[in-house]
Amino acid sequence: MILKVEHSTLFEYEEPIYETATEVRLHPASAVGSQQCASFNLQITPPAAIFDYTDYYGNRVHHFNILQSHKRVQIIATSVVETAAQPETGQFTEDEILLLDLLAESHYVRFDPAIQALAARFREIGEPCRQATEICRHINDTFLYEPGATDVHSTSAVVMALGRGVCQDFAHIMLAACRHLGLPARYVSGYLYGGGSTPEGQDEASHAWCEVWCGTETGWTGFDPTHKTLFVDDRYIKIGTGRDYGDVPPVRGTYKGTSAEKLGVSVRVSSLEHDSDALGLQQRNRF
Amino acid sequence: MTRLFDQYHPQSDRFFDEVISHESAPRPHYGIMMQRFNQFSAADIRARRELVNIFFRNQGITFTVYGVDEGIERIFPFDLIPRIIPASEWEGIERGLIQRITALNLFLADLYQDQKILRDKIIPAELVLGSKHFRREFVGVRPPLGVYIHVTGSDLIRDAEGRYLVLEDNLRTPSGVSYMLQNRIAMKRAFPVLFDRYTVRPVENYPQQLLRTLQEISPTPKLDPKVVVLTPGIYNSAYFEHSFLARQMGVQLTEGRDLVVNNNKVYTRTTRGLKIVDVIYRRVDDEFIDPLVFRPDSVLGVAGLINAYRKGNVTLANAIGTGVADDKVIYSFVPQIIKYYLGEDPVLDNVETWLAGNPKHLKYILENLDKLVVKAANESGGYGMLVGPESTPEQRERFAEKIVENPRNYIAQPTISLSRHPSFFNETEIAPCHIDLRPYVLNGKSISIVPGGLTRVALRRGSLVVNSSQGGGSKDTWVIDN
């Protein structure tokens, strides 16, 4: 599919603030797996010089700062991404140290007794991909999707105790179970093109899921414990990966000033399949 | 009149005495010192003690003790009897430290670039990945000259035979060098005659050497790179040292709020506007140094600093993430690290170390808690530590629980036979007190070591803990030409 993402983040303050410093991880991954990023545009208001680098997990990070006082900061990221319905095939390789890194506990992914008990139920299944699938199904079946039950700081242990949460929480649970069973697994930050028909009736929006290393035959395989479809397909747009949410927050920043922050986020994912822009893109791709 | 050293009988099989040999003879390099102290009356000693106390008080040389409610600001206890190291002995220490720092620097460069040592399975990758001081944020950043550790304060001890061993490497923000400098001034004032009888190698130019090292690592070659000291502020236990070193180097002492990053460059706020900063001698820990990248709640740091560093617009000393190499678990691999990068055997040995993360070692540790010293892998300053022989069964039980809960975080060592040195345990009497040695190593275009360093002494009788935060004091340390 050819999908366009418009992701707007607006910070507003009652009183002027100053010395904003912000990092964003909003650039869709490109030339990884079955996804190509055709274009990316980042617009900052008030205007600021934008710098970028690639982080430890290979994610593109953009950053900027604003010295002068201001009462609002708007970040608009617009990207066009082409996703493939069929996953890549062939032999896969991955850095052994990265795989080890993705086997351990991390800030949000904890091996508490509850997750150990959950994981134990799937230990007998030998094959990694099936193991991951069953864990994913189990989480989807037994955990309740409930916005507001958790917050951005909730660890997998907290979510285990609550039995409910949102996509980020479900991903952390799945990561904990997989890693505890010895399956390297990573957190994915991205978007889901809902087309208005997602099972839970959500809007298309920022999303989070997992990738599990299923060996050299299948490589990284995407699983989405939040949706009944379980598997990741061409409706999913990947931004980046890390050990957990903490490695790939879409926006993080600091500012000076006394005023509290009001945050507004809107994400729109649309299909360009029959759009002239898209045709242009396909033509560009051909050359 | 009884002479001071007449009452000094340090004979012990367990401990090396710095001054008196196992055969009860004074070691030759201490002869003049003993003679001189033997001439002093109790009144002479008191007078000199008073002179030294006034000096330290006037200098405001204090440190902060954490975890006590009142009077946390203390004068660092100073012992009047100098420690003397002959040049021949010092030469070995120097060679050993240069080798060690060279290897540890190569180790850090490798960990933050290609990680070959992990791929070659010399060190289990899990240990590095699991170290709380391994900074993924710093992987791929290339600091100027390839130097990560610019200032080191390794702690050396001597075993029962007098062999120097490395107890720990302090590769983050080692402190104490200001005491070394002040001790020398105090000693010269209180004992001018004694000082002149020896040819003591000078330590006074340390601040200038530090400044030169910092200028050498400027991201762009400049005639006069702008260097600043970054301190966490007046509540930090080493604030005195931060301000002292800044003053001695003639550079600005800054706190996080005095600096600002704009467009990936670091500036200091001055009365004439923003002025660019090239090198930051930072005494703020990694975790607090940039709220954009590390702890977002830190008010001690500078937002955007790491990105400016990554871009090569500023240099930090020490670099980010050096703590992974002084992690006490990684410490146990330093001999292999030296062998791997330099193909040499270590000049200075480690203290024997058991890793609680290793099941076999763990069993040994738990069975021998009353004999061992157990330390948390990532703590410093004598915190998070159990000294087995001095502990109660309840303390050991509590500690055992902590170890079992998080084995990766603990190591154990034999109750170390720190060497002993005559020291005043009250106004007029001396006794053998345990000491260690912290030499200061500077690393820029080349490695240099101040002759001597800070000798810390456990002034509580029988105590093995020399940390200033735990009731330790210090001595002037003389490296003398033979």
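Residues that are surrounded by fewer than 15 Cβ atoms within 10 Å (Cβ to Cβ) and either in contact with a Ser or Thr (Cβ under 9 Å, 6 or more places away or on another chain) or modelled with pLDDT of 95 or more (or both) within the range A:26-42 comprise A:S39, A:N41, listed in sequence order. Scanning the range B:47-62 for residues that are among the basic types (K, R) and farther than 21 Å from B:S175 by Cα gives B:R48, B:R49. Can you find a residue in the range B:94-112 that is open to solvent by 50 Å² or more (accessible area, probe 1.4 Å), outside any strand (DSSP E or B) and within 14 Å of chain A (Cβ to nearest Cβ)? Checking the range B:94-112: not a single residue is open to solvent by 50 Å² or more (accessible area, probe 1.4 Å), outside any strand (DSSP E or B) and within 14 Å of chain A (Cβ to nearest Cβ).
Pick out the one residue from B:I365, B:I330 that is assigned to a helix (DSSP H, G or I) and over 26 Å from B:A238 (Cβ atoms).
Values: B:I330 fails: over 26 Å from B:A238 (Cβ atoms).
So the residue among B:I365, B:I330 that is assigned to a helix (DSSP H, G or I) and over 26 Å from B:A238 (Cβ atoms) is B:I365.
Name the residue, out of B:V266, B:V284, B:V261, that is away from chain A (no Cβ under 14 Å) and either of a type outside the set (F, W, Y) or assigned to a loop (DSSP other than H, G, I, E, B) (or both).
Values: B:V266 fails: away from chain A (no Cβ under 14 Å); B:V261 fails: away from chain A (no Cβ under 14 Å).
Exactly one residue qualifies, and that residue is B:V284.
Please enumerate the residues belonging to the range B:376-408 that are hydroxyl-bearing (S, T, Y) and modelled with pLDDT of 85 or more. Within the range B:376-408, B:S391, B:T392 meet the criteria. Counting only helices (runs of 4 or more DSSP H) that fall entirely inside the range B:153-223 and contain at least 2 residues that are open to solvent by less than 20 Å² (accessible area, probe 1.4 Å), the qualifying elements are B:177-190, B:206-216.
With respect to the conditions (1) assigned to a loop (DSSP other than H, G, I, E, B); (2) over 24 Å from B:Y440 (Cβ atoms); (3) of a type outside the set (S, T, Y), B:K275 falls short on a single one, namely (1). With respect to (1) within 14 Å of chain A (Cβ to nearest Cβ); (2) in a loop (DSSP other than H, G, I, E, B), the lone exception for B:I306 is condition (2). Taken across the range A:192-208, residues that are free of Cβ contacts under 8 Å to residues at least 60 places away in the same chain, closer than 14 Å to A:R243 by Cα and crowded, with 21+ Cβ neighbours inside 10 Å do occur, with at least one present. The residues on offer are A:I115, A:I76, A:I135, and the sole one that is closer than 30 Å to B:A303 by Cα and either away from every other protein chain (no Cβ under 14 Å) or open to solvent by 40 Å² or more (accessible area, probe 1.4 Å) (or both) is A:I76.
In the range B:191-210, what count of residues is obtained for those that are aliphatic (A, V, I, L, M) and under 26 Å from the mean Cα position of the chain (by Cα)?
Step one: of the range B:191-210, the residues aliphatic (A, V, I, L, M) are B:193-194, B:200, B:203, B:210.
From the residues that got through so far, the ones that are under 26 Å from the mean Cα position of the chain (by Cα) too are B:200, B:203, B:210.
Here the count works out to 3.
Identify, from the list A:T45, A:T54, A:T22, the residue that is open to solvent by 50 Å² or more (accessible area, probe 1.4 Å), of a type in the set (S, T, N, Q) and within 14 Å of another protein chain (Cβ to nearest Cβ). Steps first, answer last, please.
Numbers: A:T45 fails: within 14 Å of another protein chain (Cβ to nearest Cβ); A:T22 fails: open to solvent by 50 Å² or more (accessible area, probe 1.4 Å).
Matching residue, one of A:T45, A:T54, A:T22: A:T54.
Where helices (runs of 4 or more DSSP H) sit wholly within the range A:57-170, those with at least 1 residues that are more than 18 Å from A:P184 (Cα to Cα) occupy A:113-120, A:128-142, A:156-162. Criterion first (within 14 Å of chain B (Cβ to nearest Cβ), more than 15 Å from the chain's Cα centre (by Cα) and at pLDDT 95 or above) does A:G257 satisfy it? For A:G257, the condition - within 14 Å of chain B (Cβ to nearest Cβ), more than 15 Å from the chain's Cα centre (by Cα) and at pLDDT 95 or above - is not met.
Taking the range A:83-109 only, how many residues are open to solvent by 60 Å² or more (accessible area, probe 1.4 Å), more than 13 Å from chain B (Cβ to nearest Cβ) and modelled with pLDDT of 95 or more?
Taking the range A:83-109 and keeping what is open to solvent by 60 Å² or more (accessible area, probe 1.4 Å), we get A:85-89, A:91, A:93-94, A:96, A:105, A:107.
After this cut, where a residue has to be more than 13 Å from chain B (Cβ to nearest Cβ) as well, the list is A:85-89, A:91, A:93-94.
With the extra rule that they be modelled with pLDDT of 95 or more, the set shrinks to none.
Of the residues in that region, 0 qualify.
The values are calculated or read from the model by the stated rules, or taken from the named source; none is laboratory data. Here the structure is a predicted model, which is why all the values come from computation and not from measurement. With ideal geometry, Cβ positions are generated from the backbone for all residues, glycine too; neighbour counts draw on all protein chains shown. All accessible areas refer to the heavy atoms of the entire protein, side chains included, with ligands and DNA or RNA removed. Shrake-Rupley method; radii C 1.70, N 1.55, O 1.52, S 1.80 Å.
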